[in-house]
Structure formats: C-alpha cells, structure tokens
1. Of the DSSP beta bridges with both residues in the chain, give the percent that are antiparallel, rounding to the nearest 5.
2. Find the eigenvalues of the gyration tensor of the Cα atoms of region 76-160, then list the square roots of 5 times those eigenvalues as equivalent ellipsoid semi-axes, largest first, in whole angstrom.
3. With the crude spin-label approximation of a point 7 Å out along Cα→Cβ, what separation in nm comes out for residue 65 versus residue 101?
4. Taking 8 Å as the Cα distance limit and 6 or more residues as the minimum spacing, I'd like the relative contact order of region 34-163 as a percentage.
5. Amide H neighbours of residue 129 under 5 Å, counting only residues 5+ apart in sequence or on other chains, H built in-plane at 1.01 Å?
6. Using r as the Cβ-Cβ distance of residue 166 and residue 123, and R0 as 30 Å, what FRET efficiency do you calculate, to the nearest 0.05?
7. Using the Cα gyration tensor of region 40-109, with a ≥ b ≥ c the square roots of its eigenvalues, what is the shape: rounded (a/c below 1.5), prolate (a/b larger than b/c) or oblate (neither)?
8. Within the chain, what is the longest stretch that has no trypsin sites (Lys or Arg not before Pro) placed in a DSSP loop and near at most 11 other beta-carbon atoms within 10 Å?
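Nothing in this text is a laboratory measurement; each read-out follows from the coordinates by a stated rule. This is a predicted model, so every value here is computed, not measured. Here Cβ is always computed from backbone atoms with ideal geometry, including for glycine, and neighbour counts include all displayed protein chains.
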Amino acid sequence: VSRQSIAIDGPAGAGKSTVARELARRLGWLYIDTGAMYRAITLKALRRGLNLKDEKSLEALARESRIEMTTDPGYATRIYLDGEDVTRAIREPEVSRHVSLVARLPGVREVMVHRQREMAESKNVIMDGRDVGTVVLPDAGLKIFLTASPEARARRRQQDLQAQGHHVPLDLLIREIAERDRLDSSRPVAPLMPAPDAWVIDSSNLSVEQVVEMITARVRGRF
Ligand code: C5P
C-alpha cells in the first residue's frame, strides 16, 4: 500500500502546527511535529549541560534518545522523551533560544530525518517542519510552504504567550523570530526554503480557518 503524505514547511509562527493539526483531524491522518523532535533533543542537551557545538556528543545523544508522540482524540499532541512527558518543557524560552544551534548539526539531522521517514512509512501523515518537502519527504503528494511577515508571526506568538499569562514585548519577539529565521535559513544543511514544487501561502492576512479551507479544497482534488 503506498502511503500518502502532506508536507508543511515554513518559518516559526506562521501557523504550521495549528493548520497541520486541523488538516490531520479532518483527513484522519497522523500529525507529526518534527520541530518537537529537535526541541526534545535540545532540552536533553541543556539539562545535561552539554556543549551545543559538540556535534559528536549531540549526535550520540540523538541516537540514544527515545522520542514518542501521541495524539489524543481532540488532536492535541503530547511528546515523550525517554518516557517522560516533555510537552510543556520543550516550549520553554530556553529551549526555543537554543534549538536552532542543535538543529544545524548534520549528525543530529541525519538521525531525526531517518526516524521521520520511518514514521511516514506506516501511516498517512501530515508532517510539519523546515525541510519536510525538501529533504524528509521529497515525494509528498502535496507540499506547502506557509509563511507570514515577522510582525504578524510575532503578534500571534504574543497572543499565545498572553493566553498562558506571560506578557512579552512585541519588539523582543520580532527580534527573536528574525534571529531564528536567520539561523534556519542560512545553515548549510537543509536550510529553510520552499521546495521548488511547493505551494507558497502567505498567511499574514489570513485566519487559520481560511488557510485550512484553501488547503482542504486542494487536497480534495488530489488524494
Ligand atoms: O517548529 P518549531 O518552531 O518548533 O521548530 C523549532 C526549531 O527546530 C526550528 O527553529 C529549527 O531550528 C528546527 N527544525 C528544523 N527542522 C525541522 C523542524 C524544526 O531544523 N524539520
């Protein structure tokens, strides 16, 4: 049986995970958050006080780590690292600030990409990340590059944080987002960029609902 897949790539805060999760729910497919995997390794490295530039140690750490994802009926995803629920811990600002350093290491990426491909072998998947359409699943049936202006992305992030009771100034969030974009786009291995055959959607002035509708309309004709 050949499996179907949809790749959604794009910069931080463009709405990838919200859109991907809603699409997965509608289609009944498995949602895989590849960013969460890089975050889990980063969390473990920070806890161990490892030097994030030491590629050999980080690759070994990735290899020895067990990362699992479960999706409940409401399509909320939980992430487990060696059996521990790290769903909240991997979203801490400390992890967000360091994850791009870990994700730029080719040895770490090799381990993660291999596991991501394995996950897509047994089920129909919607996978979101930075290199899903370009590297992980180049044969995905539909590739989307979801982007938005840095201001729009920072504003959404600010609202998310506000909802969790944190007030963070907008200009600080814009600077953090711009720095992560810069690191993710300029790295030599698997940089953030649209696949040549990706459908680029700018969500700056679109709601999640509108983006999901646009994609669903196209998916109906295709799978
Ligand atoms: O998607 P999220 O913002 O959680 O991803 C966190 C970080 O993980 C990104 O900024 C990027 O450095 C890295 N990442 C990656 N490749 C992916 C997914 C995420 O390099 N496929």
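1. Working: 7 of 24 bridges.
Here the share of antiparallel DSSP bridges comes out near 30 percent.
2. Taking √(5λ) for each Cα gyration eigenvalue gives 23, 19, 15 Å.
3. Between residue 65 and residue 101, the simple spin-label model gives 1.4 nm.
4. Computed value for region 34-163: 26 percent relative contact order.
5. So residue 129 has HN proximity to 8, 9, 10.
6. Numbers: r = 35 Å, r/R0 = 1.18.
The formula returns an efficiency of 0.25 here.
7. Numbers: a/c = 2.16, a/b = 1.73, b/c = 1.25.
Prolate, since a/c reaches 1.5 and a/b exceeds b/c.
8. Values: sites that count: 48, 53, 66, 88.
Answer from the scan: 89-223.
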